[in-house]
């Protein structure tokens with residue numbers, strides 16, 4: 001309407017005349033007046049939403065055009081991570097409630113403590129903090145894009161705007177250096193994914209390109225353990241002339257949290273058929289979603305599974321040059337996290353090289369995989385620039 005004012009004005013006048021005629025003649029459809037007050041109210045509400053959307057889009061475009069690292073040459077991006085295999089991993093619905101809720105926290109906290117200790121024995125150490133997600137209970141792509149773009153993307157319009165822009169994502173920064181191969185492992189993607197370009201990924205492995213022959217686990221197309229083993233077989237374990245930067249999305253902790261996979265021997269994973277018995281013996285989704293207590297308990301178990309699978313993979317395949325950054329994309333739905341829960345999610349950086357963690361020592365993050373209750377809380381959109389700065393990137397602002 002804003003772009004085509006003349007026909008929009010003409011159409012509005014015609015609609016107004018039609019409205020008055022319908023009102024004067026008392027015309028109805030199935031006993032409901034065409035020119036009813038409720039229709040007028042609904043139209044007014046929708047008109048205000050359109051105005052708000054247009055205003056938000058205009059404001060967001062202005063913000064998105066300003067980028068502290070928009071014109072930074074590749075040679076000046078993340079120089080302190082040269083030679084490292086970088087892995088950015090999102091764990092579905094991994095929220096603060098998993099760590100602090102009295103029902104879920106005991107099991108999850110035991111897992112985080114045990115996995116911190118196990119990683120330390122393998123030479124890996126971690127720092128952890130909190131990020132406030134741009135979304136809650138779903139729409140994971142808003143959390144992913146907010147983290148990696150450095151912009152607050154809390155609605156679909158903003159998401160479409162930034163995906164169509166030349167804004168540099170955090171993963172794209174590694175591609176721009178020319179020193180990394182880049183790959184995405186997306187077991188939740190089952191159709192064309194044009195976002196690949198925005199995220200700077202040379203290769204994307206979707207749900208149909210990971211070789212899985214086992215059963216689905218409710219929404220999740222495959223267990224996290226299988227997705228990680230396939231990542232190792234197809235990409236991470238390949239001989240390369242340069243290091244690898246990977247974006248990995250883990251989906252086993254997606255609602256309804258039934259059935260939940262169990263860990264199997266890594267050498268027995270094969271094509272995933274080994275998970276058939278586990279899936280058949282698991283809970284049915286219909287038995288879980290109708291019970292809040294069971295939903296909360298099973299959600300906690302799913303987070304324990306995902307964290308265990310990821311950290312065991314790191315122990316098994318990580319090297320002195322592996323750096324893992326993993327975080328939640330959003331809190332689980334209110335039935336699990338509570339009506340007044342925050343939007344905070346945990347975030348961790350794990351590495352063997354002590355210099356990697358020394359670079360973020362000033363952040364005030366907690367040691368280990370469990371962020372302390374009073375650890376710093378940043379907006380998720382702040383992570384990109386803080387990360388780029390910590391690892392030596394030189395700002396070259398772009399201002400439109």
Checklist entry - Given the conditions (1) modelled with pLDDT of 95 or more; (2) in contact with a strand residue (DSSP E or B) (Cβ under 9 Å, 6 or more places away or on another chain), and given that residue 355 satisfies all but one, which numbered condition is not satisfied? => result (2)
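To keep it simple, each residue is scored yes or no on (1) modelled with pLDDT under 95; (2) in contact with a helix residue (DSSP H, G or I) (Cβ under 9 Å, 6 or more places away or on another chain); (3) more than 17 Å from residue 127 (Cα to Cα).
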site: 334; (1), (2), (3): yes, no, yes
site: 338; (1), (2), (3): yes, yes, yes
site: 347; (1), (2), (3): no, yes, no
site: 362; (1), (2), (3): no, yes, no
site: 369; (1), (2), (3): no, yes, no
site: 376; (1), (2), (3): no, yes, no
site: 383; (1), (2), (3): no, yes, no
site: 391; (1), (2), (3): no, yes, no
Checklist entry - Could you give every pair whose Cβ atoms fall below 8 Å, whose first residue belongs to the range 224-250 and is assigned by TED's automatic domain parsing to the domain that holds residue 268 and surrounded by 24 or more Cβ atoms within 10 Å (Cβ to Cβ), and whose second residue is modelled with pLDDT under 95 and in a helix (DSSP H, G or I), counting only separations of at least 6 or pairs across chains? => result none
Checklist entry - Among helices (runs of 4 or more DSSP H) lying entirely in the range 103-185, which contain 2 or more residues that are without any contact (Cβ under 8 Å) to a residue 60 or more places away in the chain and in contact with a strand residue (DSSP E or B) (Cβ under 9 Å, 6 or more places away or on another chain)? => result none
Next on the checklist: Out of everything in the range 205-223 that is outside any loop (DSSP other than H, G, I, E, B) and either outside the structural domain of residue 311 (by TED's automatic domain parsing) or more than 16 Å from the chain's Cα centre (by Cα) (or both), what residue ends up being nearest to residue 162 (Cα to Cα)?
Outcome noted: 205
Next on the checklist: Tell me yes or no: at least one residue of the range 244-267 is in a helix (DSSP H, G or I) and more than 18 Å from the chain's Cα centre (by Cα).
Outcome noted: yes
Checklist entry - Is there a residue in the range 202-216 that is closer than 29 Å to residue 173 by Cβ, in contact with a helix residue (DSSP H, G or I) (Cβ under 8 Å, 6 or more places away or on another chain) and either surrounded by fewer than 14 Cβ atoms within 10 Å (Cβ to Cβ) or in contact (Cβ under 8 Å) with a residue 60 or more places away in the chain (or both)? => result yes
Checklist entry - Within the range 311-320, is there a residue that is touching a helix residue (DSSP H, G or I) at 6+ places or on another chain (Cβ under 7 Å) and more than 30 Å from residue 229 (Cα to Cα)? => result no
Item to check | Selection within the range 1-50 - surrounded by 11 or more Cβ atoms within 10 Å (Cβ to Cβ), closer than 25 Å to residue 157 by Cβ and at pLDDT below 75 | outcome: 1, 42, 43, 47, 50
Checklist entry - Considering 350, 356, 345, 336, which residue is more than 17 Å from residue 102 (Cα to Cα) and within 20 Å of the chain's Cα centre (by Cα)? => result 350
Next on the checklist: With out of contact with any strand residue (DSSP E or B) (no Cβ under 6 Å at 6 or more places or on another chain) and closer than 25 Å to residue 100 by Cα as the only criterion, which of 288, 269, 278 stands out?
Outcome noted: 288
Checklist outcome for this item: Scanning the range 60-96 residue by residue, those part of a helix (DSSP H, G or I), out of contact with any strand residue (DSSP E or B) (no Cβ under 6 Å at 6 or more places or on another chain) and modelled with pLDDT of 95 or more turn out to be 74, 75, 76, 79, 80, 81
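The values are calculated or read from the model by the stated rules, or taken from the named source; none is laboratory data. For clarity, every value in this text was computed on a predicted model and none was experimentally measured. Glycine gets a Cβ as well: all are built from the backbone with ideal geometry, and neighbour counts include every protein chain shown.
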